[in-house]
1. What's the magnitude of the charge dipole for the chain around its Cα centre, counting Lys and Arg as +1 and Asp and Glu as -1 at the beta-carbon? Answer in Debye, nearest 20.
2. Grab the DSSP H runs of the chain that are 4 residues or longer, score each as -39,500 (n - 2.57), total them, divide by all residues and round the 222 nm result to the nearest 500 deg cm²/dmol.
3. Go through the cysteines of the chain and tell me which have no other cysteine Cβ under 4.7 Å away.
4. What FRET efficiency do you get for I251 and I101 if R0 is 56 Å and r is their Cβ-Cβ distance, rounded to the nearest 0.05?
5. D427 versus T303, label points 7 Å from Cα toward the beta carbon: distance in nm?
6. How far is helix 3-15 tilted, in degrees, relative to the longest principal axis of the Cα atoms in the chain, given as a value from 0 to 90 rounded to the nearest 10?
7. Under a plain spin-label model, where a point goes 7 Å from the Cα along Cα-to-Cβ, how far apart in nm are V80 and S376?
8. Just the Kirkwood number for the chain, please: inverse of mean 1/r across all distinct Cα pairs, in Å, one decimal.
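Read-outs: derived from the displayed coordinates by stated rules, not from any lab. Just so you know, these numbers come straight off a predicted model, no measurement behind them. Positions of Cβ are generated from backbone atoms using ideal geometry, with glycine treated the same way; all protein chains shown enter the neighbour counts.
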Amino acid sequence: MNLMRARTLMFALALLGLVTAAPSAQLVINEIYYDGPGTDAGTFTEILGPGDMALDGYTLVGVNGSNGEVYRTIALDGMVVPSDGRLVIAQDETVPNYDYIDSGMDWQNGPDQVQIRDAAGAPIDGICYGYSELLDCEGGTNGPDVGSGNSISRCPDGEDTDDNEADTAETLPTPGEENDCGGGPDPLDLTVCEATELDAVGFPVHYGVLVHLVDPIIILNDDGTVGSGRIDCGATDGECCIYLFDFDTYIPLFEGDEVEATGTIGFYNGKLQLTGPDFVVTVLSSGNPLPDPELITTEELATNGEQYESCLIQINDVTIVGGDWPAEGDNANLDIVDETGVPTILRIDRDTDIDGSPPPDEPFCVVGLGGQYDSSSPYDEGYQIQPRSLEDFVDCPVTEMVCCVGSDCYVTTEEDCLEMGGDWRPDLGDTCEPNPCPVATEDASWGSIKSMFK
């Protein structure tokens, strides 16, 4: 029996006088903060209910959107709704205004559902965040799977019309207070370089701030090539780069789209993002040329990757030194290295057409978006290059250097030099002016040496 049908049946029985209305029907899950920046901390669930109501026998339940099964049950025995009717159950003591602590408040990221159930195990309220056909959501709809650092909240505060989509929104966390459902400050006008400023440990200076990018930006990858069903794109204003990510707002975006963007500065495992709440993207024009990828080395990405995050980059002549090429439907992190000898990560996303394809012949050259996955402070590791499609595995440029055939100098490739019977000398550079090849000398006989001194 689904949640809506259970409620309808109880209401009908109450009209017939067969059951007495229970106070549990007044309990509402009002706000869930389930995805903190980096390693989750400070997460919480807020419940509204009658003041001084004891919750013995009640449970909070997490339902997994990938299989529709319960993955966590938290007993509320011993908990009492405060007199103001607003109960905050926190993961840890960092949460303001908390009433009780339970580490289980660190719910899974979506698509999932959190329910409150009565002593008989019947669900009396629930919030779905993110879409899954396996979840039994109020009204058959889901709320947003919010960005890291934000809550899914009932808007207006406490609103419950049994329709998750209509009743919920992505907001800033407000434990123990009314949900922040809009009417906030005007966005701060910033350039991309200003919006992406980081502090000493790599955390966004403007984290949680609503920002309007004052200059248009160019989209660097088609939506869906690194994440389907959401906005998931790198972008640049020609000077700095920023990542656009949002589950709740989706419009088709393509390479070369020029857009205007407003959103909240978020953070996910080292990666700064422009995300919700209040995320808005407007396409101004399409088909614009992309900037040329910046040519860097594996060492530069590994040691100075923040400079290249969300930008187009290219690394030449790399080989795979760790990890397995992904089968179709799999993600993969591969260790690659170039002539610098310093490895970095090649990230293959299963939403591209790369997984399941034959691996490229080595050494190969690759273009992609700079990325990062680092879950702990300081956020200065885990840098990646993430190709967008098979077309990002490009032909490596042919290197032409000095080739010495005897004392004759040529500038050519190593392969052509060897065919000429020459000695390929990249250590001598790429020019024959002046001729750097050693001058050939003839062996002198003893007789000729003696004649020189007669």
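1. Details: 14 positive and 87 negative charges, 197 e Å.
So the dipole magnitude of the chain works out to roughly 940 debye.
2. Numbers: 6 runs with 41 residues, N = 454.
Here the helix-only value at 222 nm equals -2000 deg cm²/dmol.
3. So, C233.
4. Values: r = 41 Å, r/R0 = 0.73.
That gives a FRET efficiency of 0.85.
5. 2.3
6. So the helix axis and the longest Cα principal axis differ by about 10 degrees.
7. Modelled inter-label distance: 4.1 nm.
8. Numbers: mean 1/r = 0.0390 Å⁻¹.
For the chain, inverting the mean 1/r across all distinct Cα pairs yields 25.6 Å.
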